[in-house]
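Engineer: Here it is, the structure, as structure tokens.
The values are calculated or read from the model by the stated rules, or taken from the named source; none is laboratory data. The structure displayed is predicted, hence computed values, not measured ones. Quick note on the areas: whole protein, heavy atoms, side chains included, nothing else; ligands and nucleic acids left out. Shrake-Rupley method; radii C 1.70, N 1.55, O 1.52, S 1.80 Å.
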Protein chains: 2
Amino acid sequence: MNKEMFLQVHERVKPYIHRTPVLTSELINEMVHANVYFKCENFQKMGAFKMRGAANAILSLSSEEQAKGVVTHSSGNFAQALSLAAKKIGVKAYIVMPKNAPQVKKNAVRTYKGNIIECDSNPIAREEMAAKVQKETGATFIHPSNDDSVIYGQGTATIELLEDYPDLDYIVSPVGGGGLLAGTALATNYFSKHCKVIGGEPKNADDAYRSLLSGKIEHNDEVNTIADGLRTFLGDRNFPIIKKHVEKIIRVEEEEIIEAMKLIWERMKIIIEPSSAVAFAAVLKNKEDFINKKIGVILSGGNVDVGNLPF
Amino acid sequence: MNKEMFLQVHERVKPYIHRTPVLTSELINEMVHANVYFKCENFQKMGAFKMRGAANAILSLSSEEQAKGVVTHSSGNFAQALSLAAKKIGVKAYIVMPKNAPQVKKNAVRTYKGNIIECDSNPIAREEMAAKVQKETGATFIHPSNDDSVIYGQGTATIELLEDYPDLDYIVSPVGGGGLLAGTALATNYFSKHCKVIGGEPKNADDAYRSLLSGKIEHNDEVNTIADGLRTFLGDRNFPIIKKHVEKIIRVEEEEIIEAMKLIWERMKIIIEPSSAVAFAAVLKNKEDFINKKIGVILSGGNVDVGNLPF
């Protein structure tokens, strides 16, 4: 990968994504004594940045591979993203989901014409079922975050953000599986001279924070966080990138996530999901470190059950 | 008033308002088989279009008048708008509010440095208290909707919308007091050759609908609608404009308002208040009339208690 290739990735996914707006809020800037630029991936197609990585992963395949389809295991945004990207590109998508996944998530995948294959609700059953689908259909397995083409796809949000605001001092992104943070870090490394990348992570699922400390991939025993998109684990493709290019990871408490989410809803009148609020919660928590700085914050998605809010 | 003067109004208020974005949604366009352009006044300063009219009303005063301040009676968005506009222009604002107004609304006015004067919770007490403040302070009374400079100010949202999308077939706006709808109708009349203006109104507060039918101002006995910004009555400054320039008013049921609101929240990831949803609910209700048309919809505001939603 080099800068030119990264720009080609962006060109390739452009027909399948929105160029999302960057919003600002005077009230929030006054509150943090800094200039915050929110990259609104909650306005992305299907409601989250995952559309970028999913589209790039499918477009990276040969036409022979595309003809056999793609498979993933996810019950979250990546399931919808891969389904929609596959539909738009004209490829079959097989989505392995636990039997007990919420009906609303199954419906979302069906809206985008993904083929749901149910499995028992545990990691081993999930992997086995995905392997079975691969074997039977010849579909290519695409991991929601631990995949190079997914990582580069996610990085295109940062290419756009730095095109709009080239002189950012920091870009802060949430970290769960690590695809977004790794993509953000790579794109920042290629497209900015001095901007630093920081991750925001729920304290209740802080494998990335602990991995950076120990220098090897650490695991979460529990992932008891409202930020449901960040309950996944760091992978071996993401971690080396994060280790090399991410300045630090700031951990936030559950109530800090909810507070940051509510603040953005009330002040900016936009809907973001709890995972999206984690990056801004990290800025709020360490605001003395950001005074007078220009901070890009990636609002990763807006898929939330508006009938079941934490406030 | 002429076209040139209307543009001067716009220039005059520009330093005090945001030029709000116009958003679109593929999913919504597919649903209604039309192209809908949402003018996002929910992103306006203090969260509603009322900022435009309030700013213009104050800026229309002589410096002698401005020195004595302004007074209004409102417990809603206009109270906040007049307070904030007055603060920015450097004028005193007196806000007459019922004693039992929700604390959250009083706090919002105080945030913007409005001086709250409490009164009993009935229309006569409100008028009397406003008259008393006028007499004691020399402040100019500004009505939230039934005032020419307020009407022209509200119309600037439509000037912007038609600058961005000059070939709209329809603009649909909610109607309560009638300031926004009258301003929309005047601006459309001046700045578009063929665009028609339609009002959306809650069936439970349908004085404007009935007034258009009878040709004289009708009153509501009850205003039992979730669209709290539309519980006000049509005025004698608005009605002649609406009668002359508005094509028709579409009435919507309470559940249609809630459904339209939820649809915009979920599909567009933006926060709008129930009153804002009324215009889009009108489009949904009569969608066969709008097939393949280009429709501007004014999302009037986004001030809603996110902890107390109707869904």
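Engineer: Considering only chain A, what is the antiparallel percent among its DSSP beta bridges, to the nearest 5?
Structural biologist: 10
Engineer: Let me ask something else. Might you work out the accessible area of B:Glu4 for me, using a 1.4 Å probe with all protein chains in place, and round it to the nearest 10 Å²?
Structural biologist: The value for B:Glu4 is about 110 Å².
Engineer: When the solvent-accessible surface of protein heavy atoms is calculated with a 1.4 angstrom probe, in what order do B:Ile28, A:Ile291, A:Ile124, A:Ile226 fall, highest first?
Structural biologist: Largest accessible area first, the residues go A:Ile124, A:Ile291, A:Ile226, B:Ile28.
Engineer: Put one equal scatterer on each alpha carbon of the stretch B:1-136, apply the Debye formula with no solvent term, and list log10 I(q)/I(0) at q = 0.13, 0.14 1/Å to two decimals.
Structural biologist: Here the Debye-derived log intensity ratios amount to -0.64, -0.72.
Engineer: Related question: Mind ranking A:His33, B:His73, A:His18, A:His245 by accessible surface for me, highest first, 1.4 Å probe?
Structural biologist: Ranking A:His33, B:His73, A:His18, A:His245 by accessible area, largest first, yields A:His33, A:His18, A:His245, B:His73.
Engineer: At a probe size of 1.4 Å, how large is the accessible area of A:Glu65, to the nearest 10 Å²?
Structural biologist: Here the residue's solvent-accessible area equals roughly 80 Å².
Engineer: With only alpha-carbon pairs counted, each pair once and no self-pairs, how large is the Kirkwood hydrodynamic radius of the protein assembly as shown in angstroms?
Structural biologist: Over the protein assembly as shown, the inverse of the mean reciprocal pair distance is 25.8 Å.
Engineer: Also: Could you give the angle, 0 to 90 degrees to the nearest 10, between helix B:123-137's Cα long axis and the longest principal axis of the Cα atoms of chain B?
Structural biologist: 50
Engineer: Express the carbon and sulfur contribution to the solvent-accessible surface of the protein assembly as shown as a percent, rounded to the nearest whole number, probe 1.4 angstrom.
Structural biologist: 47
Engineer: For the full complex of protein chains and a 1.4 angstrom probe, list B:Leu186, B:Leu213 by accessible area with the highest value first.
Structural biologist: B:Leu213, B:Leu186
Engineer: Enter the angle in degrees (range 0 to 90, nearest 10) between the Cα long axis of helix A:50-59 and the first principal axis of the Cα atoms of chain A, meaning the one along which they spread out most.
Structural biologist: In chain A, helix A:50-59 runs at an angle near 40 degrees to the longest axis.
Engineer: Here's a follow-up. Say the cut-off is 31 Å between C-alpha atoms; which of A:Lys248/B:Lys87; A:Lys287/B:Lys88; B:Lys3/B:Lys293; A:Lys87/A:Lys293 go over it?
Structural biologist: A:Lys248/B:Lys87; A:Lys87/A:Lys293
Engineer: Here's another thing I want to ask about it. Can you give me the C-alpha center-to-center distance between the stretch A:26-56 and the stretch A:179-253, rounded to a whole angstrom?
Structural biologist: 17
Engineer: Related question: Rounded to the nearest whole Å², what accessible area per residue is found for the stretch A:210-311 with the 1.4 Å probe?
Structural biologist: 44
Engineer: Right, next: Could you state how much accessible area A:Ile89 has, in square angstrom rounded to the nearest 10, with a 1.4 Å probe and all protein chains kept in place?
Structural biologist: 40
Engineer: In addition: What accessible area per residue comes out for the stretch A:1-75, rounded to a whole number of Å², with a 1.4 Å probe?
Structural biologist: Per residue, the stretch A:1-75 has an accessible area of 40 Å².
Engineer: Sort largest first and round to whole Å: the equivalent ellipsoid semi-axes of the stretch A:25-79, each the square root of five times a Cα gyration tensor eigenvalue.
Structural biologist: 37, 12, 7
Engineer: When the helix-only estimate is applied to chain B (DSSP H runs of n ≥ 4, each -39,500 (n - 2.57), divided by the residue count), what is the mean residue ellipticity at 222 nm, nearest 500 deg cm²/dmol?
Structural biologist: Helices in chain B give a 222 nm mean residue ellipticity of -14000 deg cm²/dmol.
Engineer: Rounded to the nearest 10 degrees, what's the angle between the helix B:274-285 long axis and the longest principal axis of chain B, both from Cα atoms, 0 to 90?
Structural biologist: 20
Engineer: Counting only C-alpha contacts under 8 Å and six or more residues apart, can you give the relative contact order of the stretch A:51-145 as a whole percent?
Structural biologist: 34
Engineer: Let me ask something else about it. Let me know the Kirkwood hydrodynamic radius for chain A, please, with Cα pairs as the basis and the value in Å to one decimal.
Structural biologist: 19.2
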